[in-house]
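Peer 1: Following this message is one structure expressed as C-alpha cells.
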Amino acid sequence: MRKTWKMRMLLLLVLAALVLSACSPGGGKRKEINVTSDSLYVQKVENLPDDFIMGMDASCVPALEASGVKYYDFDGTEKDVYEILSDNGINYIRVRIWNDPFDANGNGYGGGNCDIENAIAIGKRATEYGMKLLVNFHYSDFWADPGKQMVPKAWKGMSTDEKAEAIYAYTKDCLQQLKKAGVDVGMVQIGNETNGALCGESSAALGGWKKIMQLISAGSKAVREVCPDALVAVHFANPENAESYASYGKNLDYYGVDYDVFASSYYPYWHGTLDNLAQVLDKIATTYNKKVMVAETSYAYTPNDTDFNGNTIGEGANVVKDYPMTVQGQANLVRDVIDTVANKTANGIGVFYWEGTWISVGTNSWEENSAKWEKYGSGWASSYAAGYDPNDAGKYYGGCAVDNQAFFDEKGHALESLKVFGLVHKGNAVENKADAVEDVNLICDINGEVFLPDLVNAVMLDNSKQQIAVQWEEVDIEALKAQGIGQYTIKGTAGGMEATCYLSLVYYNYLQNWSFEEGDAGWAATALKKFDQLYVEDKVTDSITGTKHYHFWGASANSVEFTLEQEVENLASDTYSYEISIMGGDCGETEIYAYIKVNGQIVATAETLVTVYNEWHTARIESFDYHEGDTLVVGIYVKCNGANAWGKIDDAKLNVVTE
Ligand code: CA
C-alpha cells in the first residue's frame, strides 16, 4: 500500500510546525542539494517525499579522527565529514550510545568508544550542518545485537523493575544533555536489534517478553517527557524470518509499548530479499498503523580489505550476485533499499546506512593500525573489552570489518556512490556500460576439445545483466593438456575490463554434478543424527572447483554424522577409481571415509581426516571393478565428536583407470 497524498500533506504540515523545536521528527526541510555526477547511474525513485529520511550511522568518526583519519570532498578538499554527508543529501545522522564502554582504568572498549559524550559531539556537528540525530541506545556497555544483549556493568544484579527505572533515568539524562547542547534530536531508538533480548533479559526465560517490553516502555516514557516531538523507534534484525517479525509486532502491541517507528536492519548478504523485507515491514505498518524504516543497511564497494583486519564480506564471502562489489553496485543497492521503503511498503519513512564513514586508520601495517585501535578505540573492539565481553571481543578484538562498505576510500576520499542519496530524487542518467564482468568457470575433459566462450556475463551500470564479447589472451590449450589435469587461469578483456576464465582440465568424470555446481542434484545427504547445517553452499573461497560445495556444521558435541552419496547409472563394465575431498575444523575425533557400494553392500572404503580451514584432504579408492547390471553407489561417511564441528566437501570423481 502506498502512502496517500493526504497523509503526506499532513506529515508536511506537522513537520512545518515542528521545524523550530529542539526535538523534531522527519527528515526536516530538505536543504538545496546540488549533486551532479558524470559517472554514477541512478534510477529515479518515484514518489519520494522531500522529507524522506536519508540517514547515515556515523558513530565512529571522532575515534577515527583521533587516529589521524581525514575526510576529503570530491574536489580533494579536506572537510568536516558531516558537512560532506549533508552536502550529498544525508539529512539524518544515527549514533549509538553505550552506557560505559571503558574498563576500570579508563581504557576504551573500541567500536568508537561510543558514550554519551561522543553522541553529543557528533550531534552538535550534525545539527550544525542541518541534519537531525537518531539517538540509538544499546542499553549495554558494548555492542548489542541478536547475538548478545549484555547488561551494563553498573546495572548488573538489578531486578527488571530496577532496570526499567535505570533505563528511564539514563535515557532522560542523556536526552537532557543532548537538548542542552542544542542537538536536534529527531528520533530515539530504544534498544538495538532486540531480537528477543535486551539489557540482559531474554525472551527464552519465562515471562521474558513481558520484561523486555517493560524495559522498552521505560525508555519510551523518558523520550516522551524530554523530547515529546521526537519519534520513538524500536529496532529488530533478521527480516528474512517473517514469523519472528510478526511476533515482535504482536508483543509490542500486546504489552502496549508506546512507539512510532518499527525499524529493521537489512544486510542484503544475510537478510533475505528486498521483496521479503517489503512484505514483513508492510505487515507491521498496516496491522499496527506504525511507521517503518531500515535502520541499518550497507554494501561493499570493493571486495578488498583496506585496514589489515578481515571484513565481514569480501571476495567470495556472502556475495550477493545481484550487486557487484563496485562503487556503482553499492549505489544500486542503496537505491533499491530506498525504493523498497518508499514504494513497496506502507508508511516507509527512511533508510539509514550503517557506518558509511568507518574507514581504515592507516594503510601501512597491521601493527601501526592495531596501536591506534587500542589507543583510540577506532577498531571494532580493543583488548580492553575482554573483561566485559570475554567470548567475542576478548578473543577477536581488532580493526574494522566494514571498511570496504564505507562511502570513503581508505585515504578518506569521498566515493561517487555517496551521491546516490542526493541523486535518487531526480535520477541520474549516464551512458550505460559494463560495470563488472563475471568470472568464467569452465570444466573440460582433458581428452576432449576445449572451447573458450565468446561471451561473458556482465552487470551493467543500471544493474541489468547482459552478455558481452570477450577477447581471451593467446593460450596454447595443447600445452596445458600436456601439463596434465588441474586448474588453469586464462585472462582476457571484456567491456574494457579484465575477464578471467578458470579452466579445469579433468579426466572424464562419470558422476553427475560432481562439484555441486548444480546444487544437490544427483546427491542424497542423510543426516544420521540431528545436527544444524547440511546443504550446498555457494562460496568460492571454500570450494575446490567452481563456487559451490557441500557444507556441514553441528553446534553440539557428537552431533555430526551423515552420509552423502550418489547412485551412478548407465556405467559400462570397467575398472574405475573414486575419490572425494573434504576440509574442516573443530571436528574433534573423526571417522571419515569414502566408500563404494555395489548392490547395497560396501565393497571398498578409503579413510581420510580433516585438519584446518582450507587444507583439503582427498579420500581415494584407487581401483575397483564394476560389472554392468550391478547397482553402484559412491559416497562419503562423516562422523565427528567435536562441538561446532564444521566442514566442506567437494570434487567427487569417478574415473576410468587407464592402463
Ligand atoms: Ca578491514
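Peer 1: Within region 348-371, does at least one residue satisfy the condition of being within 16 Å of the ligand (Cβ to nearest atom), among the small types (Gly, Ala, Ser), open to solvent by 20 Å² or more (accessible area, probe 1.4 Å) and at pLDDT below 95?
Peer 2: No: region 348-371 contains no residue that is within 16 Å of the ligand (Cβ to nearest atom), among the small types (Gly, Ala, Ser), open to solvent by 20 Å² or more (accessible area, probe 1.4 Å) and at pLDDT below 95.
Peer 1: Cβ contacts < 8 Å: first residue more than 10 Å from the ligand (Cβ to nearest atom), restricted to region 397-411; second residue open to solvent by 10 Å² or more (accessible area, probe 1.4 Å) and part of a helix (DSSP H, G or I), any location; separation 6+ or different chain. Result?
Peer 2: Every condition considered, the pairs that remain are Tyr397/Ser383; Tyr397/Ala386.
Peer 1: A further question on this structure: Does Tyr388 fit the bill of being open to solvent by 20 Å² or more (accessible area, probe 1.4 Å), in contact with a Phe, Trp or Tyr (Cβ under 7 Å, 6 or more places away or on another chain) and at pLDDT 95 or above?
Peer 2: Numbers: open to solvent by 20 Å² or more (accessible area, probe 1.4 Å): yes; in contact with a Phe, Trp or Tyr (Cβ under 7 Å, 6 or more places away or on another chain): yes; at pLDDT 95 or above: yes.
The answer is yes for Tyr388.
Peer 1: Could you please let me know if Ser382 is within 20 Å of the chain's Cα centre (by Cα) and more than 12 Å from the ligand (Cβ to nearest atom)?
Peer 2: Spelling it out, it is not the case that Ser382 is within 20 Å of the chain's Cα centre (by Cα) and more than 12 Å from the ligand (Cβ to nearest atom).
Peer 1: A further question on this structure: How about region 484-591: which strands (runs of 3 or more DSSP E) wholly inside it have at least 2 residues that are of a type in the set (Phe, Trp, Tyr)?
Peer 2: Working: elements: 486-494, 497-506, 524-527, 533-538, 548-554, 560-568, 574-585.
Because the criterion is at least 2 residues that are of a type in the set (Phe, Trp, Tyr), the strands (runs of 3 or more DSSP E) in region 484-591 that meet it are 548-554, 574-585.
Let's see how each residue does on (1) without any contact (Cβ under 8 Å) to a residue 12 or more places away in the chain; (2) open to solvent by 50 Å² or more (accessible area, probe 1.4 Å); (3) under 27 Å from Ser382 (Cβ atoms):
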position	(1), (2), (3)
Thr127	no, no, no
Leu133	no, no, yes
Tyr139	no, no, yes
Met158	yes, yes, yes
Glu162	yes, yes, no
Gly191	no, no, yes
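Peer 1: How many residues are open to solvent by 40 Å² or more (accessible area, probe 1.4 Å), outside any loop (DSSP other than H, G, I, E, B) and over 30 Å from Glu416 (Cβ atoms) if we restrict to region 440-480?
Peer 2: Selection size over region 440-480: 5.
Peer 1: Something else now. Restricting attention to region 54-85, and to residues there that are of a type in the set (Phe, Trp, Tyr) and assigned to a loop (DSSP other than H, G, I, E, B), which single residue is surrounded by the fewest Cβ atoms within 10 Å (Cβ to Cβ)?
Peer 2: Residues of region 54-85 that are of a type in the set (Phe, Trp, Tyr), as a first pass: 71-72, 74, 82.
Next, from what is left, pick out any that are assigned to a loop (DSSP other than H, G, I, E, B): 71, 74.
On the way: Tyr71: 24, Phe74: 17.
Per the criteria, the residue is Phe74.
Peer 1: Moving on to the next point. Could you go through region 440-453 and let me know if any residue there is within 30 Å of Ile490 (Cβ to Cβ) and of a type in the set (Phe, Trp, Tyr).
Peer 2: Within region 440-453 (the criterion being within 30 Å of Ile490 (Cβ to Cβ) and of a type in the set (Phe, Trp, Tyr)), the answer is yes, since at least one residue qualifies.
Peer 1: Taking region 301-338 as the search range and keeping residues that are among the aliphatic types (A, V, I, L, M), away from the ligand (no atom under 15 Å from the Cβ) and open to solvent by 20 Å² or more (accessible area, probe 1.4 Å), which one is modelled with the highest pLDDT?
Peer 2: Taking region 301-338 and keeping what is among the aliphatic types (A, V, I, L, M), we get 313, 317, 319-320, 325, 327, 331, 333-334, 337-338.
In the following step, the residues that additionally are away from the ligand (no atom under 15 Å from the Cβ) were identified as 319-320, 327, 331, 333-334, 337-338.
Restricting the remaining residues to those that are open to solvent by 20 Å² or more (accessible area, probe 1.4 Å) gives 319-320, 327.
On the way: Val319: 55, Val320: 52, Val327: 97.
Of everything passing the filter in region 301-338, Val327 is modelled with the highest pLDDT.
Peer 1: Okay, moving on. Of the residues in region 424-471, how many are touching a residue at least 60 places away in the same chain (Cβ under 8 Å) and of a type in the set (D, E, K, R)?
Peer 2: Selection size over region 424-471: 6.
Peer 1: Is one or more of the residues making up region 287-299 farther than 26 Å from Ala393 by Cβ, in a helix (DSSP H, G or I), under 15 Å from the mean Cα position of the chain (by Cα) and modelled with pLDDT of 95 or more? Give the steps one after another, and end with the answer.
Peer 2: Step one: filter region 287-299 for residues farther than 26 Å from Ala393 by Cβ, giving 287-294.
Then drop every residue that is not in a helix (DSSP H, G or I), which leaves 287-288.
Still in the list and also under 15 Å from the mean Cα position of the chain (by Cα): none.
No.
Peer 1: When you look at Ile602, is it closer than 21 Å to Trp514 by Cα, touching a strand residue (DSSP E or B) at 6+ places or on another chain (Cβ under 9 Å), open to solvent by less than 10 Å² (accessible area, probe 1.4 Å) and not acidic (Asp, Glu), yes or no? Even if it seems obvious, please write down each step before you answer.
Peer 2: Values: closer than 21 Å to Trp514 by Cα: yes; touching a strand residue (DSSP E or B) at 6+ places or on another chain (Cβ under 9 Å): yes; open to solvent by less than 10 Å² (accessible area, probe 1.4 Å): no; not acidic (Asp, Glu): yes.
Judged against the criteria, Ile602 is not a match.
Peer 1: Look through region 594-651, keep the residues that are among the aliphatic types (A, V, I, L, M) and over 42 Å from the mean Cα position of the chain (by Cα), and return whichever of them is nearest to Lys529 (Cα to Cα).
Peer 2: Filtering region 594-651 for residues among the aliphatic types (A, V, I, L, M) gives 594, 596, 598, 602-604, 606, 609-610, 612, 619, 621, 632-634, 636, 638, 643, 645, 649.
Still in the running and over 42 Å from the mean Cα position of the chain (by Cα): 598, 602-604, 632.
On the way: Val598: 25, Ile602: 21, Val603: 24, Ala604: 24, Leu632: 25 Å.
That would be Ile602.
The values are calculated or read from the model by the stated rules, or taken from the named source; none is laboratory data. The shown structure was predicted, so the numbers you read here are calculated from the model rather than taken from an experiment. Because the Cβ atoms are built from the backbone with ideal geometry, glycine has one as well, and the counts that use them run over all protein chains shown. Each accessible area value is taken on the protein alone, full model and side chains, heavy atoms only, with ligands, DNA and RNA left out. Shrake-Rupley method; radii C 1.70, N 1.55, O 1.52, S 1.80 Å.
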